[in-house]
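Notes for the one structure printed next.
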Amino acid sequence: MDLDLLKRVSLLAILKKGSDETINDVMESLIYADMFLNRSEALKVFRELRDDNYIVGDRLSMMGVVEAKRVENEFKQYYNNT
C-alpha cells in the first residue's frame, strides 16, 4: 500500500516525537508548520492512519513504525543524492 505524502510525513513525525509529546502534539505541530491546509484535513489524515491501524492508541503500531522508517530512509537517500 502506497501512502500519500501527508500520511507518510505524519508517520515520520510521530516516529520522531519526543517522549513527552503525544500524537495530538505532533498533529498540532504539523498544523502550525502549515503542512496541512487546515485542522479538518489534519484530523482526517490522522483518523485514516488510525483506521488503517498505523496508529494504535497514542503510538505507532508495528506496521506504522515499519512504514515511518521506510519514509525516513527514502528521505535520507534523497537528501544524500542531492
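The values are calculated or read from the model by the stated rules, or taken from the named source; none is laboratory data. All figures in this text were calculated on a predicted structure; none of them were measured in a lab. For neighbour counting, all protein chains shown are included, and Cβ atoms are generated from backbone atoms with ideal geometry for every residue, glycine included. For the accessible areas, the whole protein counts, side chains as well, though only heavy atoms, and no ligand, DNA or RNA atoms are used. Shrake-Rupley method; radii C 1.70, N 1.55, O 1.52, S 1.80 Å.
Here are the numbers for this structure:
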| read-out | value |
| --- | --- |
| Subset tally (residues that are among the aliphatic types (A, V, I, L, M), in contact with a Gly (Cβ under 9 Å, 6 or more places away or on another chain) and surrounded by fewer than 18 Cβ atoms within 10 Å (Cβ to Cβ)) for the range 15-35 | 1 |
| Qualifying residue in the range 5-14 (condition: free of Cβ contacts under 8 Å to residues at least 24 places away in the same chain and open to solvent by 40 Å² or more (accessible area, probe 1.4 Å)) | yes |
